[in-house]
Structures are given as C-alpha cells and as structure tokens.
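K.L.:
Structure provided below as structure tokens; questions to follow.
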Amino acid sequence: MFRRRRPLLRAAVVGGGAYVAGKKVAQRRADQDAQDATQDGRIDDLEQQQQATGPPAAAPAAGSSVADQLGQLADLHQQGVLTDDEFAAAKAKLLGT
C-alpha cells in the first residue's frame, strides 16, 4: 500500500509546486501590465500638459529636430520630472522604436 501512495504524493507535490509557480508568474505579469498602464497614462498626461501650455518660450520653432527633443527629454529626466522608465518610453516613442 505504501508504494502506491508515494507516486501519488510526489505527483501532488509537483502539481502543487507548478500551480504556485504559475500563480506567481501570472501575478508578476498583472503587476507589470498595471505598471505599464500607469506609465502610459503619465506620459499621455505630460504630453497633454505640454500641448495645452504650448511650447516653452526658449524652445525652437515647431520644426525642432529629434536631437533637440531628446535634449528636452534628458533635461526633464535630470530635473526629476520623468522617471527612468518614463524617459526610456518617451525616448523610444520619439525614435519610433
């Protein structure tokens, strides 16, 4: 009788471990999706604020180069307005990647 229970017990332990691991992966994905959605919302809010207030007085004409826009993003990042993730996302959006 003991021989039959061990394989069943082993299967139960392995299955339980896989279940817990799967739940952790799903929770991490949900957390990452929520963080991405929050970050996208913050970037959209910043873009709307910039459009509502118009270009800064020191900004060049509307045809500013990508390098100028990257410089502005870097300045905002250094000032602490943008987090590292927000800066990376905005830079990728600007560069089209």
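The values are calculated or read from the model by the stated rules, or taken from the named source; none is laboratory data. None of these values were measured; they are calculated from a predicted model. Glycine gets a Cβ as well: all are built from the backbone with ideal geometry, and neighbour counts include every protein chain shown.
K.L.:
Output the qualifying pairs, or none if there are none: Cβ atoms under 8 angstrom, residues six or more apart or on different chains, first residue in region 77-97 and in a loop (DSSP other than H, G, I, E, B), second residue of a type in the set (G, A, S).
P.N.:
Within 8 Å, the pairs are L82/A90.
Here's the yes/no breakdown for (1) at pLDDT 90 or above; (2) surrounded by 10 or more Cβ atoms within 10 Å (Cβ to Cβ); (3) under 28 Å from the mean Cα position of the chain (by Cα):
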residue	(1), (2), (3)
R4	no, no, no
G16	no, yes, no
K23	yes, yes, yes
A34	yes, yes, yes
L46	no, yes, yes
Q50	no, yes, yes
A59	no, yes, no
L70	no, yes, yes
V81	no, yes, yes
